[in-house]
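Student: Provided herewith is a single structure, encoded as structure tokens, for subsequent inquiry.
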Amino acid sequence: MSKIKNLIKKFLESSNEMISELDGKVIESFTEQLKGAKRIYTVGVGSLGLLAKGFTTKLTYLGYETYFIGETLMPSPSRDDLLIAISESGEADYTVKAARIAKNLGATVVAITSRPQSTLGKLADLNIEIKWKEEAPKEEEELKEREGELLTLNSSLFEIATLALLNAIMSELADELSIKGNK
């Protein structure tokens, strides 16, 4: 097997382990919050920002009113709104600031992070923890210095696991809409 195929296999096996650690009750709660939100906002930086923006776009296909934080035209979040903030470290300045503002305006904040004890995790109303397969850096300063860099294999695994999670939720929401549409 080629080196690339071996790496793909390692990514998939390792991300499956991370996904198996997800808390099912938290995922159900998140899905219910999505269904009940008036508007849904997403935020992330770097490749996680692209992932968040893609999820925002897919939600619009299902009829949700959605916004990616950073776009030029969007209303301010408010009481019945939901912000999904994605940050592996939970310390990305832009993401944390967006979460703080949304929270202060009354929106519900959901964090997808590997560190629920981080600044973002502490701000969030709900934490979806994507656990590191190995020991994560603990020092906040070290994380801030390295934010946005490809830290380790785990950084890619975090993205893969987050993408799988969000795509599974999209499938669930789409299935429910098609079932309702067939009645």
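Rundown of residues vs (1) touching a Lys or Arg at 6+ places or on another chain (Cβ under 8 Å); (2) β-branched (Val, Ile, Thr); (3) modelled with pLDDT under 90; (4) open to solvent by 60 Å² or more (accessible area, probe 1.4 Å), yes/no style:
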{"residue": "136", "(1), (2), (3), (4)": "yes, no, yes, no"}
{"residue": "142", "(1), (2), (3), (4)": "no, no, yes, yes"}
{"residue": "156", "(1), (2), (3), (4)": "no, no, yes, no"}
{"residue": "163", "(1), (2), (3), (4)": "no, no, no, yes"}
{"residue": "170", "(1), (2), (3), (4)": "yes, no, no, no"}
{"residue": "173", "(1), (2), (3), (4)": "yes, no, no, no"}
{"residue": "179", "(1), (2), (3), (4)": "no, yes, yes, yes"}
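Student: Turning to a different aspect of this structure: Could you list, in sequence order, the residues of segment 92-120 that are within 12 Å of the chain's Cα centre (by Cα) and within 22 Å of residue 36 (Cα to Cα)?
Tutor: Answer for segment 92-120, where residues must be within 12 Å of the chain's Cα centre (by Cα) and within 22 Å of residue 36 (Cα to Cα): 109, 110, 111, 112.
Student: Let me ask something else. With 100, 115 as the choices, which residue is surrounded by fewer than 22 Cβ atoms within 10 Å (Cβ to Cβ) and more than 18 Å from residue 167 (Cβ to Cβ)?
Tutor: Only one candidate passes the filter, namely 100.
Student: Anything in segment 86-116 that is among the basic types (Lys, Arg) and modelled with pLDDT under 95? List them, or say none.
Tutor: Within segment 86-116, 115 is the sole residue that qualifies.
Student: Has segment 111-131 got at least one residue that is over 21 Å from residue 20 (Cα atoms), among the basic types (Lys, Arg) and not in a helix (DSSP H, G or I)?
Tutor: Scanning segment 111-131 turns up no residue that is over 21 Å from residue 20 (Cα atoms), among the basic types (Lys, Arg) and not in a helix (DSSP H, G or I).
The values are calculated or read from the model by the stated rules, or taken from the named source; none is laboratory data. Being a predicted model, the structure only gives us computed values, none of them experimental. Cβ sites come from the backbone with ideal geometry, for glycine too, and all protein chains shown count toward neighbours. Accessible surface areas use protein heavy atoms only, side chains included; no ligands, DNA or RNA. Shrake-Rupley method; radii C 1.70, N 1.55, O 1.52, S 1.80 Å.
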